[in-house]
Amino acid sequence: MFKRIPGTKDILPDEAGRWQTIEATARQILALYNYREMRTPLIEEASLFNRTLGTATEIVQKQMFLIHNQQDLYSLRPEGTASIARSYLENNLDKTCGFIKLYYIGPMFRLERPQKGRLRQFHHIGCEAIGSQEATLDIETIGLAVHLLKSFSIADYKIKINSLGCPKDKQTLSLNLKHGLQKEKQKLCADCQVRMENNVLRILDCKNDSCKEIIKALALKDTHLCPDCLSHFKEVKNGLNSLAISFEVEPQLVRGLDYYNRTVFEFTHSNLGSQDAIGAGGRYNNLIKELGGPDTGGIGFAFGIERLLLASKSPAEKQINNLVYLITLGDEARKAGIKILHQLRSSNIPGDTDYLGSSLKSAMRAANDAGARYVLILGEDELKKGTISLKDMSNSSQKEIKIQDLTGELKC
Ligand code: HAM
C-alpha cells in the first residue's frame, strides 16, 4: 500500500472543519483591514528565492524542493513573500495600485527533517502590505496578527520584536557580531563557523545550545541602529503600547531570511514544544527594489496553520449542519427518493441518503453520524398517501407532512 511522504499530512474530513473555520475567520478579519486575496503558483524559478531569501539561508541551502526542467531550475515555494513580490511587479501593481494589502492562504514546501509542528508541506495564512515605510503600518500589521490570534481563540502566546535597522545598520550589526564572536569562534558549531565567514547574522538563528549560550553572553542591544531606524523602532514600540499589545524586545531576533530589515517579529506559543513559532514576519524595505521595482517598503507576516491548530487545542468539532437525511424503505420509495433529494438540493437544502440498503436502525445511526439536522422517512405506505415523515433531530419531534410541502417546510 502506498503511504504519504514523511512530513506531509492528509487532512481528513473530521479535521477539515477546523481548517475551514480558521480559514474563513482569517478571511473575515483580513477583510476588516482591507486586505485582498492573491493566489500565486506553487512553483517558481528557484533563483527568485536565492535572490530574495539569500543564498546563505537555511531554506535556500538545504530546504528547497527543486525541480530540474531541461535548462531551468524550479522550486516549490518555501514561503509566500517572494512570490507575492514577484507577482506585484510582474502584474504592474506598483504602477496601478502603488500601496496594496494582499493576503494568501495555501501550502508551502520545505525539505526539513519532520517532527511535531515541522512538516515538509505546511500551510500559511500570510499577508503583505506593500508600498509604505510608515511605522503606523508596522503597528497595524502586528495588531492584525494579534486580532487574528484572538479570533482563532488562541491565547498564551508571546510576541518578540526587534529592529534590524536599514542595510547599513545590518552591516554594523554583522560587524559587531563578528568582532564579538571572534574569540569564541572555535566553540561555535561547524555550521556557525562557516556562517562567521558568509553570513554572520544567521548565527543568531542557530538552534545549537552552545551557540545560543555564546550569543546570549554577548548581551546584544540596539546600538547598531542609526537615528532614523531608532526613531522608527521607538514609534513602533510606542504604538504597540498604545494598543495595549504586550511584547518583548529580543535583540537576538533576526529571522532566517535575508530580505528583512527594520522591524521583525515572532509569535511563540508554549503548547508547541521546540517548534514554538506559530507565526512570524517583518519589514522588507529593499525586496521590491531588489527584484527590479521601485524603492518602496513592505511588511507582512505568516502564520503556520498546522501550528495554529496545535496551539488552539480545540477538539475537532462535530459539524453542525442543516443536512436532511432521507431514509427510504422499499424499492418504490428508493426511486421516489432520488427525485425528492434532487428537489431539496435544487432549493439549496443539503440532502443525503443511505446507499447501502441498510435497515432503518443502521440508517438512523448513519444520519446521526453525519450530523443530520432532519431525517426524512419514506415507506411504501407514505408514498401511496403522498406524505413523508419528518423528524427534527434537535428535539426528536416527528410529524407527517405532504411531500409537496417538504421544501417549504424545511426552508422555514
Ligand atoms: P517563516 O518564519 O519562515 O516566515 O514562516 C512563518 C511561519 O510558518 C512559522 O512561524 C511557522 O509557524 C510556520 N512554519 C514554517 N516552517 C514550517 C514547517 N516546516 N512546518 C510547519 N510550519 C512551519 C515566512 O515564511 C515569511 N514569508 C513570513 C513573512 C511574510 N514575512 C513577511 N511577510
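Observations, loosely collected:
- Condition broken by residue 156, with the remaining ones in (1) open to solvent by 20 Å² or more (accessible area, probe 1.4 Å); (2) within 15 Å of the ligand (Cβ to nearest atom) satisfied: (2)
- Taking the criterion of being near the ligand (Cβ under 8 Å from one of its atoms) and among the β-branched types (Val, Ile, Thr), the residues of the stretch 261-304 that qualify are 278, 299.
- Single condition residue 89 does not satisfy, out of (1) closer than 27 Å to residue 202 by Cα; (2) of a type in the set (A, V, I, L, M, F, W, C); (3) away from the ligand (no atom under 12 Å from the Cβ): (1)
- Residue 147 being crowded, with 18+ Cβ neighbours inside 10 Å and in the same structural domain as residue 238 (by TED's automatic domain parsing): no
- When the stretch 376-412 is filtered for residues that are touching a Leu at 6+ places or on another chain (Cβ under 8 Å), surrounded by 15 or more Cβ atoms within 10 Å (Cβ to Cβ) and free of Cβ contacts under 8 Å to residues at least 60 places away in the same chain, the ones remaining, listed by number, are 376, 377, 378, 379, 388, 389, 390, 391, 401.
- Only a single criterion out of (1) under 30 Å from residue 134 (Cβ atoms); (2) open to solvent by 60 Å² or more (accessible area, probe 1.4 Å); (3) of a type outside the set (S, T, N, Q); (4) at pLDDT below 95 is not satisfied by residue 14, namely (1).
- Selection from the stretch 44-72 of residues that are of a type outside the set (Ser, Thr, Tyr), open to solvent by 70 Å² or more (accessible area, probe 1.4 Å) and away from the ligand (no atom under 13 Å from the Cβ): 45, 51, 61, 66, 68, 70, 71, 72
The rows are residues; the columns are (1) of a type in the set (D, E, K, R); (2) open to solvent by less than 30 Å² (accessible area, probe 1.4 Å); (3) in the same structural domain as residue 388 (by TED's automatic domain parsing).
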| site | (1), (2), (3) |
| --- | --- |
| 280 | no, yes, no |
| 283 | yes, yes, no |
| 287 | no, yes, no |
| 292 | no, no, no |
| 298 | no, yes, no |
| 307 | yes, no, no |
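The values are calculated or read from the model by the stated rules, or taken from the named source; none is laboratory data. This is a predicted model, so every value here is computed, not measured. Positions of Cβ are generated from backbone atoms using ideal geometry, with glycine treated the same way; all protein chains shown enter the neighbour counts. SASA here: full protein model, heavy atoms, side chains in, ligands and nucleic acids out. Shrake-Rupley method; radii C 1.70, N 1.55, O 1.52, S 1.80 Å.
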